[in-house]
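The values are calculated or read from the model by the stated rules, or taken from the named source; none is laboratory data. Just so we're clear, the structure is a prediction, and the values are computed from it rather than from any experiment. A quick note on method: Cβ atoms are made from the backbone with ideal geometry, for glycine too, and the neighbour counts reach across all protein chains shown. With ligands, DNA and RNA removed, areas are computed over all heavy atoms of the protein, side chains included. Shrake-Rupley method; radii C 1.70, N 1.55, O 1.52, S 1.80 Å.
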Amino acid sequence: MSVLSPERVVAFGPGRVNLIGEHTDYNDGLSMPFAIERGVTVTATPADRFVVDARDFGERDEFSEPERADGWRAFARGMVAELRAAGFDVAPAHLEIAGDLPQGSGLSSSAALESALALALLGRVPEDLKALAQLCSRVENDWVGAETGLLDQLASLMSEAEHVLRIDFRSLEVRPFPLDLGGWTLVTVESGATHSHAGSGYNQRRAECRAACQALGIASLRDADDLSALDGTLLKRARHVVSENARVDATAAALDAHDLEAVGRLLDASHASLRDDYEASVPEVEATVERCKAAGAAGARMVGGGFGGSVLALLPPGVVRPAGALTVAPHGPARLL
């Protein structure tokens, strides 16, 4: 079936912040992300062949049939190929891409782009958003070369305003969870160190988690209850995943109780685990966490895949935002404009 409207289609894909639950998605674990106001916009106009203009880079790509490419070009090519493989007769289009989400910031510019591309090429929002999230993930895994899980794509496609999503990546249950901050504020602060999933230690961490499962004789770290058979690096990786899942449940309970001080402590604990057990931090991130804490944050942690990117901080009432901080709050999902 042909899906592109005969007229201009404009689609927006939001970035996301993950409140807690990092590096758990590809381990069948738990996370609590939400979409933010900033993101990526893709405008699609019918054309004789695919022409893709990346306005932020001032670069162009052109193709008739999607073949492999590196960098940003892999996203549009992969999306056309995966949509067609899923049964959509995607018509050629002129795609214009622009966004206000910093690249490599840990706010999921990749999933924002994937969501916007998918909706622009489809010309509609499909009913099965989980299937579309899985399709977007295949683009990132198989075309871009980053072995990410489904967290970013589900957050971009399924978020709700004023809610975080509690996602169970084993069952793919997605439950909106009210986020009532009262006078508290969530902010992100860029560390100054950008990251790339495909070029960072992200894929290596996934391989280490698989090795830990093999050593434990289990299919997923979600099933890990006794880590005594592990030591060294594999023990640390597994310990982070197991403890981070517990912190997600503890955060849900703290939000239920309106105990934001407890949420702050859980953010601190999550960061310590990511730094010490998952070894996904860098000096610039550590300096940014320390700056947020010195400014009065109740809790602060790195967000995203790590090895750079942004820091999320929870500020009590009356605390002044650190310099360069961006206030973030849960917004709606990817949509047609």
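Within the set of other residues whose C-beta is less than 15 Å from the C-beta of Arg335, count the net charge using Lys and Arg as +1 and Asp and Glu as -1. Don't skip to the answer; put the middle values down first.
Values: positive: Arg16, Arg38, Arg124; negative: Glu37, Glu114, Glu127, Glu160.
Net charge in that neighbourhood comes out at -1.
Sorted by packing (mean other beta-carbon atoms within 10 Å per residue), highest first, where do 238-244, 150-156 land? Numbers along the way, then the final one.
On the way: 238-244: 22.3, 150-156: 29.7.
Order by mean packing, descending: 150-156, 238-244.
Using a probe radius of 1.4 Å on heavy atoms only, what accessible surface per residue do you get for the stretch 128-263? Whole Å² is fine.
Details: 5740 Å² over 136 residues.
Per residue, the stretch 128-263 has 42 Å² of solvent-accessible surface.
Where both residues lie in the chain, what percent of DSSP beta bridges are antiparallel, nearest 5?
Expressed as a percentage, antiparallel bridges in the chain total about 90.
Divide, for the stretch 18-61, the radius of gyration over alpha carbons by 2.2 N^0.38 Å, where N is the residue count. The partial results should precede the final answer.
On the way: Rg = 17.2 Å, N = 44, 2.2 N^0.38 = 9.3 Å.
Dividing the Cα Rg of the stretch 18-61 by 2.2 N^0.38 Å gives 1.85.
Going by average Cβ density within 10 Å per residue, which order do the peptides 135-146, 251-262, 18-29 take, highest to lowest? Before the final figure, lay out each step's value.
Working: 135-146: 21.5, 251-262: 16.2, 18-29: 25.6.
Ranked by mean Cβ neighbours within 10 Å, highest first: 18-29, 135-146, 251-262.
Dipole magnitude of the stretch 63-180 about its Cα centre, charges +1 at Lys/Arg Cβ and -1 at Asp/Glu Cβ only, in debye to the nearest 20? Display every interim value, and only then the final one.
Numbers: 10 positive and 19 negative charges, 35 e Å.
Charge dipole, the stretch 63-180, about its Cα centre: 160 debye, nearest 20.
By the scheme Lys and Arg +1, Asp and Glu -1, what is the net charge of all other residues having a beta-carbon under 11 Å from that of Ala253?
On the way: positive: Arg247; negative: Asp249, Asp256, Asp259.
Every neighbour counted, the sum reads -2.
Between Val289, Val248, Val319, which gets the highest mean-square fluctuation from a Gaussian network model of the chain, Cα cutoff 10 Å?
Result for the chain, Cα springs under 10 Å: Val319 fluctuates most.
Just to confirm my numbers, what's the Cα centroid distance between the stretch 272-328 and the stretch 135-185 in Å?
20
Taking the Cα atoms only, what angle lies between the long axis of helix 260-276 and the longest principal axis of the chain, rounded to 10 degrees?
The answer is roughly 80 degrees.
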